[in-house]
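Below you'll find the structure, written out as structure tokens, and then a few comments.
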Amino acid sequence: MELTEEIAAIRDGSGDPARLIGEFRRAALLVPLTLPIDGTDGTDGTAHGGLMSAVQGGIRWFYAFTDEEALARFAEARGAADREWEYLAILGARLVDAVVPMVDGPAGVAVNVADEDGSMFFPPVTGIVPDAYAVDAVDAVDVA
């Protein structure tokens, strides 16, 4: 199954979480790049042309899409369908194993976030991100 099919199966209650994570890790995802901002468009000029993300609830969520059509729906939802969207194609595994550890604080991935019935969040928990960056990881401590 492809990632979108696994997401649909999870959402309808028939999916397997392990299969979902496997498909996520194998999927080539499209992650939009932020534009370098000079402050002339009404923003504060703080973006630096990195991977597009947002912070919600203390977690940085990277936006990722399964195909260009899903990215286009996101652009339209943001009122920015008229501009060209540059993106990085990256495996889900590389996104969580290499990019998440570079973030200062917890980070996860929001897939197809503009698709009301097809989105899925991959939070910064064990089994998704490296244990050292998972918010639910507990250090092994001997308790006497």
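The residue list VAL135, VAL96 contains one member that is assigned to a loop (DSSP other than H, G, I, E, B) and either touching a Ser or Thr at 6+ places or on another chain (Cβ under 8 Å) or within 21 Å of GLN56 (Cα to Cα) (or both), which is VAL135. I'd like to know if the stretch 49-68 contains one or more residues that are surrounded by fewer than 15 Cβ atoms within 10 Å (Cβ to Cβ), over 16 Å from the mean Cα position of the chain (by Cα) and modelled with pLDDT under 95. Within the stretch 49-68, one or more residues are surrounded by fewer than 15 Cβ atoms within 10 Å (Cβ to Cβ), over 16 Å from the mean Cα position of the chain (by Cα) and modelled with pLDDT under 95.
You will find that of GLU116, GLU86, GLU76, GLU69, the residue that is of a type in the set (D, E, K, R) and touching a strand residue (DSSP E or B) at 6+ places or on another chain (Cβ under 9 Å) is GLU86 and no other. Within the stretch 26-42, no residue that is over 18 Å from ARG78 (Cβ atoms) sits with its Cβ atom under 6 Å from a residue that is in a strand (DSSP E or B) and modelled with pLDDT under 90 at 6+ positions apart or across chains.
Take the conditions (1) outside any strand (DSSP E or B); (2) in contact (Cβ under 8 Å) with a residue 60 or more places away in the chain; ALA89 misses just one of them, which is (1).
The values are calculated or read from the model by the stated rules, or taken from the named source; none is laboratory data. None of the values given here were measured: they were computed from a predicted structure. So basically every Cβ, Gly included, is an ideal-geometry build from the backbone, and we count neighbours across all protein chains shown.
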